[in-house]
Amino acid sequence: MRTLEKQSIDRKARMKLEPVHKQYRAPEIRKNDYLEITPGFTMEEAMKEAARCLQCPKAPCVNACRVGNDIPLAMLLVEQGEFVRAAEVYRETNPLPEICGRVCPPDDSCAASCVLDKQGKGIDTRAIERFVTDYQRLHSGVPLPDKAPPTGKRVAVIGSGPSGLLVAEEALKAGHQVSVYDALPIPGGLLVYGIPGFKLEKDIVEWKIRWLEALGAEFITNTRIGEDISFDELFEPEMFDAIYLGTGAQTHARMGIEGENLGNIHDALDFINGANLPPSILPSGVEPLNSIGKRVAVIGGGDTATDCVRTALRLGAEQVTCYYRRTETEMPGNRIDRNYAEEEGASFEFLTAPIRFLDRSSDGHVDSMEMIRMELGEPDDSGRRRPIPIQGSEYSVEVEHVVLSIGFWADTFIPEQTEGIQLDRKGFIIVDPETGRTTRPGVFAGGDAVSGPELVSEALQLSRFAVAGILGYLNGE
Ligand code: SF4
C-alpha cells in the first residue's frame, strides 16, 4: 500500500481548498421519477474531496459516526486512489456502508461534524463512503468473509431490516446457520418498504440480500411469525437455538381526530410504498398509486413526512404542503431533504395542525381539513416546546389527498402472542442493554423494535449488543 505521511499534510493549505460539489439532477427532471437525485461523486471528485481532509488526530467525524467508521483512514486511502481498500475500511465497522452513504441524514452525521463544517466546507464523507463502496461492489466485487467452522447451532432472525441483516451476517460468520423470516413479499424491511427510491434505489438492497445468501443465509418471506408459524414452534427440536427479534417500528401512529378514516387519507408508508414499489411486491392491502389529486397535504415533521411530500410531487400533485404543529426549529426531519423538497415545488407550513378531516360532498373521501394555529408553550417529555392551540384561529384548507406521517410505534404482534417477552409502556421490547436479551431465555431483540424509530446507522450500532448476546448465549456463556 502506498502511504501518505500524515505529518506531510499542509493543513493550512488544505483548509483553503474549495469543496467538491456533487452533481444533482434538475428538480423539474427528477420529480418525474423515483431514481436517486444525484449520481454521487466521480472517481476524480472523490479523490479531490478526500484530499481536503485534515486528518484530525481526534477526529470528530469518527465520534459522530454511529458505527464508528475510521473516516480519516478512508480519506487517506481515497485521495491515493485506493478505493477498494477504503471500502474495506468502511466494511470493517459497517455492514451496509453503501446504504448509510445514501441515507444517513446529511445534517446529523459524520459530514455535519467535520471540523471544516464551521466554515461551510465540511468534507462530504457520506458521498465518499457511497462512492468507494459502490466502486468495490461494481468493479472488484465484495468478497465473502471467512466463516468459523459450522457449530450446528441455528439462529432465527425475525425481520429483515438493517438490524436483522447485521445479526444474520455476524451469526453466519460465527459458523451458525441462519434463517431470516419476513412477513413482507421481499426481504429488506425498512430499506425496501420505508425509504423511497429517490433516496435509496432498491437494487442495492437486493445485492446485499444476494450477498448474504451466498454467505449462507436463508430468507423466508411472506411468512408472519405468530400467524403462519407460531413463535413457540421456532423453539421445537430441530428448529432454532436462538431467536432475534428485529421487527422494527413501522406501525403508524394515528391522530385520533374526526374523519381520520375517510377515503384518500393515507398512512405514510402505505403511500410511499404504493407509489414507489411495483405492485408485485406490495404488502397485502396496499394499493398501487399511479397518480393523485392536485392538492395534497402531508401532516408531520419527520424525514418520512418529507419523503411523502416528495412522493406526492412525483405522483403529479400540483400543490403539496407539509403541515407541522411546531416551528421549523423543532422539526425532527433533516433540513437538507426539506431543501430538496422545496426545490421540487413543495411548501411547508409551521405552527398549525388539523383538528378534523371533512367530507362535505359526502362521497366518502376527504375534501378539506379544519386546521388550528398553534403557539409554543413549555417543553414536554421530548424536550421540545409543546404546541398549544390558539382558540379562535381555526381555518379551512381544501385538499384531495392527505398523508399522515405523525410517528411510528413498534410492531407488538409477536410479543402479544407470546409468553414471556415484556414490553415497556410504549410497546418497545425490554432488553438487557449489554446483551440484547429479552425477558424470555434464548430470545434477543434490537434495532427500532427496542429503541423506537432511529437512523439506519443507529439501528445497526444498537444491534451489535444483541449480536454479542446471541453469540455468547450459543457458546454457553
Ligand atoms: Fe477529515 Fe473532517 Fe474528519 Fe477532520 S473531521 S478527519 S477534516 S473528515
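The values are calculated or read from the model by the stated rules, or taken from the named source; none is laboratory data. Since the structure is predicted, the reported quantities are computational estimates derived from the model, not experimental observations. Backbone-built Cβ (ideal geometry, glycine too); neighbour counts: all protein chains shown. Remember, those area values only see protein heavy atoms, side chains included, never the ligands or the DNA or RNA. Shrake-Rupley method; radii C 1.70, N 1.55, O 1.52, S 1.80 Å.
Is there a residue in the range 112-120 that is among the acidic types (Asp, Glu) and either at pLDDT 95 or above or in contact with a Leu (Cβ under 7 Å, 6 or more places away or on another chain) (or both)?
For the range 112-120, residues among the acidic types (Asp, Glu) and either at pLDDT 95 or above or in contact with a Leu (Cβ under 7 Å, 6 or more places away or on another chain) (or both): absent.
Hey, can you tell me all the residues within the range 173-185 that are closer than 21 Å to ASP267 by Cβ and surrounded by fewer than 20 Cβ atoms within 10 Å (Cβ to Cβ)?
Within the range 173-185, just PRO185 meets the criteria.
Conditions first: (1) surrounded by 23 or more Cβ atoms within 10 Å (Cβ to Cβ); (2) within 16 Å of the ligand (Cβ to nearest atom); (3) of a type in the set (Val, Ile, Thr). VAL115 passes all but one, so which condition is the exception?
Here VAL115 clears every test but (1).
Against the conditions (1) more than 17 Å from ARG126 (Cα to Cα); (2) surrounded by 13 or more Cβ atoms within 10 Å (Cβ to Cβ), where does GLY68 fall short? Just the number, please.
Going through the list (1) more than 17 Å from ARG126 (Cα to Cα); (2) surrounded by 13 or more Cβ atoms within 10 Å (Cβ to Cβ), GLY68 breaks only (1).
Among the numbered conditions (1) open to solvent by 70 Å² or more (accessible area, probe 1.4 Å); (2) over 26 Å from PRO143 (Cα atoms); (3) at pLDDT below 95; (4) more than 16 Å from the ligand (Cβ to nearest atom), tell me where GLU5 comes up short.
(4)
Out of (1) more than 10 Å from the ligand (Cβ to nearest atom); (2) open to solvent by less than 40 Å² (accessible area, probe 1.4 Å), what's the single condition that is false for ALA13?
(2)
Restricting to the range 350-372, name every residue that is among the acidic types (Asp, Glu) and over 21 Å from ARG254 (Cβ atoms).
Within the range 350-372, ASP363 is the sole residue that qualifies.
Filter the range 118-131 down to residues that are within 14 Å of the ligand (Cβ to nearest atom) and in a helix (DSSP H, G or I) and give me whichever is nearest to HIS21 (Cα to Cα).
ALA127
Only one of (1) assigned to a helix (DSSP H, G or I); (2) among the small types (Gly, Ala, Ser); (3) surrounded by fewer than 17 Cβ atoms within 10 Å (Cβ to Cβ) is not met by ALA341, so which one is it?
Condition not satisfied by ALA341: (3).
Residues in the range 46-65 that are assigned to a helix (DSSP H, G or I), near the ligand (Cβ under 10 Å from one of its atoms) and open to solvent by 10 Å² or more (accessible area, probe 1.4 Å): how many?
Residues flagged as assigned to a helix (DSSP H, G or I), near the ligand (Cβ under 10 Å from one of its atoms) and open to solvent by 10 Å² or more (accessible area, probe 1.4 Å) within the range 46-65 amount to 5.
Name every residue in the range 436-457 that is surrounded by fewer than 18 Cβ atoms within 10 Å (Cβ to Cβ), over 17 Å from LEU269 (Cβ atoms) and touching a Phe, Trp or Tyr at 6+ places or on another chain (Cβ under 9 Å), in order of residue number.
PRO441, GLY442
Condition test on TYR90, is it buried (at least 18 other Cβ atoms within 10 Å of the Cβ), within 16 Å of the ligand (Cβ to nearest atom) and modelled with pLDDT of 95 or more?
yes
Taking the range 66-87 as the region of interest, how many residues are assigned to a helix (DSSP H, G or I) and away from the ligand (no atom under 15 Å from the Cβ)?
4
State all residues of the range 292-314 that are in contact with a Leu (Cβ under 6 Å, 6 or more places away or on another chain) and part of a loop (DSSP other than H, G, I, E, B); if no residue qualifies, say none.
Hit for the range 292-314 is ILE292, nothing else.
Residue check, ILE390 against (1) of a type outside the set (S, T, N, Q); (2) touching a strand residue (DSSP E or B) at 6+ places or on another chain (Cβ under 9 Å); (3) at pLDDT below 95, all met but one. Which one?
(3)
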